[in-house]
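Below: one structure, written as structure tokens.
The values are calculated or read from the model by the stated rules, or taken from the named source; none is laboratory data. Just so it is clear, the model here is predicted, and its values are computed rather than measured. With ideal geometry, Cβ positions are generated from the backbone for all residues, glycine too; neighbour counts draw on all protein chains shown. When the accessible area is computed, the model is the full protein with side chains, heavy atoms only, and any ligands, DNA or RNA have been set aside. Shrake-Rupley method; radii C 1.70, N 1.55, O 1.52, S 1.80 Å.
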2 protein chains.
Amino acid sequence: MRLPKHIGIIPDGNRRWALDRGMEKKDGYRHGISPGMTLYHMCRELGIEEMSFYGFTVDNTKRPSTQRQAFTKACVAAVEELSKEDASLLVLGNTQSPMFPPELLPYTRRHDFGAGGMRINFLVNYSWEWDMGFKPDNSRKAPAASAAIGPVLRTADVSRIDLVIRWGGRRRLSGFLPVQSVYSDIYVVDDYWPDFRKEHVEAALKWYSDQDVTLGG
Amino acid sequence: MRLPKHIGIIPDGNRRWALDRGMEKKDGYRHGISPGMTLYHMCRELGIEEMSFYGFTVDNTKRPSTQRQAFTKACVAAVEELSKEDASLLVLGNTQSPMFPPELLPYTRRHDFGAGGMRINFLVNYSWEWDMGFKPDNSRKAPAASAAIGPVLRTADVSRIDLVIRWGGRRRLSGFLPVQSVYSDIYVVDDYWPDFRKEHVEAALKWYSDQDVTLGG
């Protein structure tokens with residue numbers, strides 16, 4: 001089976017999962033940590049070289065503060081869990097903002113934990129405009145460049161993504177690493193992220209293996 | 001029904017369609033012009049404000065020259081057909097290359113044809129690296145900026161895309177307007193582009209209407 005070298009993960013559906021169970025929206029996030037660890041172990045055993053996790057975005061921080069606190073806490077916990085494993089870990093996002101959790105500042109330079117190995121990129125307070133040096137702009141127009149920033153990707157250390165797996169049924173990238181995702185195959189799992197099962201990933205990998213790789217050619 | 005303002009079209013599968021009929025790969029492209037015109041008329045009647053068509057890319061031009069000639073000819077014919085209709089038409093792509101068809105140079109400034117109206121963006125010899133000012137690079141690394149080009153999108157006149165419809169079954173964007181597609185909902189039609197039917201678009205629009213719009217929030 002042809003395996004992807006780099007998998008992108010969009011773990012969506014935490015809030016809808018919580019609502020379905022009569023919980024508050026914010027209560028979904030903490031149920032997303034354990035699936036992430038299971039996925040990490042699964043991919044490491046398979047020999048996947050790199051993974052990128054969509055933690056939270058600058059857009060997400062505009063949600064009610066109880067939700068913001070809950071997903072921030074879940075991301076901090078996830079990164080701290082990963083740092084106890086074998087991984088080459090890097091947190092990427094806009095650190096020049098009060099929304100960036102200070103606990104994660106030490107992780108914004110890549111560091112090998114344990115025996116190192118799989119590269120893990122964890123996006124925290126990320127935005128595609130920040131990444132690409134565009135001024136944030138809520139209009140429908142294409143963005144203007146920020147005069148202060150050159151055309152160098154902030155995520156230049158993140159390689160091309162072969163396969164994006166998104167949980168929660170939505171068929172879109174939602175601003176996830178637009179440059180690294182230009183050629184990615186996109187697999188959507190209808191189940192919500194807290195309902196993660198290994199079978200989701202097995203099905204995604206089987207599907208990916210049957211796709212051709214053209215890189216736009 | 002909530003309609004998209006801007007639809008992106010990836011008309012894939014021309015070559016596979018031709019092979020299935022015992023034709024040569026190159027013969028598929030000319031069967032893609034009439035579907036495009038039907039789609040244009042359909043969207044105009046619906047009041048869609050803007051459409052972006054993925055004509056051909058710089059990557060595509062690396063294919064055998066008979067194919068290249070065939071898809072170039074089909075794109076020239078499509079743009080000339082559209083210029084006989086009511087449309088505000090713009091061709092976008094790298095004109096500083098012998099692969100750009102000279103017949104289309106007059107269309108590289110937006111111009112109203114007929115009564116104007118719907119904005120149509122037609123990508124010809126397009127590449128996402130060209131668009132974003134990156135140096136082309138076939139490695140897996142994130143691209144480096146080209147020193148000569150600032151961080152201003154070459155497609156700054158193209159607005160955000162609400163819905164991307166891709167024919168031919170592949171679940172990826174293949175370098176299609178990465179910035180304008182950051183929040184796009186992506187609908188995949190399994191049929192090949194020359195087998196276009198209005199029902200494909202009706203199903204895509206119905207699906208789109210049922211999606212929420214969060215713009216990453």
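For the condition surrounded by 16 or more Cβ atoms within 10 Å (Cβ to Cβ) and farther than 26 Å from B:Met132 by Cβ, what is the one hit in B:Gly47, B:Gly22, B:Gly28, B:Gly55?
Exactly one of B:Gly47, B:Gly22, B:Gly28, B:Gly55 is surrounded by 16 or more Cβ atoms within 10 Å (Cβ to Cβ) and farther than 26 Å from B:Met132 by Cβ, namely B:Gly28.
Taking the conditions exactly as written (in a loop (DSSP other than H, G, I, E, B), within 14 Å of chain B (Cβ to nearest Cβ), touching a residue at least 12 places away in the same chain (Cβ under 8 Å) and surrounded by fewer than 17 Cβ atoms within 10 Å (Cβ to Cβ)), does A:Gly175 satisfy them or not? No; evaluated as a whole, the condition is false for this residue.
Residues of the range A:203-216 include at least one that is assigned to a loop (DSSP other than H, G, I, E, B), farther than 21 Å from A:Asp20 by Cβ and touching an Asp or Glu at 6+ places or on another chain (Cβ under 6 Å). From the list B:Asp191, B:Asp112, the one residue that fits, being at pLDDT 95 or above, open to solvent by 50 Å² or more (accessible area, probe 1.4 Å), of a type outside the set (A, V, I, L, M, F, W, C) and assigned to a strand (DSSP E or B), is B:Asp112. Looking at the range A:60-82, is at least one residue under 23 Å from A:Ser127 (Cβ atoms), open to solvent by less than 50 Å² (accessible area, probe 1.4 Å), touching a residue at least 12 places away in the same chain (Cβ under 8 Å) and part of a strand (DSSP E or B)? There is no residue in the range A:60-82 that is under 23 Å from A:Ser127 (Cβ atoms), open to solvent by less than 50 Å² (accessible area, probe 1.4 Å), touching a residue at least 12 places away in the same chain (Cβ under 8 Å) and part of a strand (DSSP E or B).
Scanning the range B:129-150 for residues that are open to solvent by less than 40 Å² (accessible area, probe 1.4 Å) and either at pLDDT 95 or above or more than 20 Å from A:Arg160 (Cβ to Cβ) (or both) yields one hit, B:Gly150.
Cβ separations smaller than 6 Å between residues 6+ apart or across chains give the following pairs from the range B:199-217 residues that are facing another protein chain (nearest Cβ under 10 Å) and over 18 Å from B:Arg44 (Cβ atoms) to residues that are charged (D, E, K, R) and open to solvent by less than 40 Å² (accessible area, probe 1.4 Å): B:Gln211/B:Asp185; B:Gly216/A:Asp59; B:Gly217/A:Asp59. Only residues that are open to solvent by 70 Å² or more (accessible area, probe 1.4 Å) and under 26 Å from B:Lys62 (Cα atoms): list them for the range B:95-109, please. Those that are open to solvent by 70 Å² or more (accessible area, probe 1.4 Å) and under 26 Å from B:Lys62 (Cα atoms): B:Gln96, B:Pro98, B:Pro102, B:Glu103, B:Leu105, B:Pro106.
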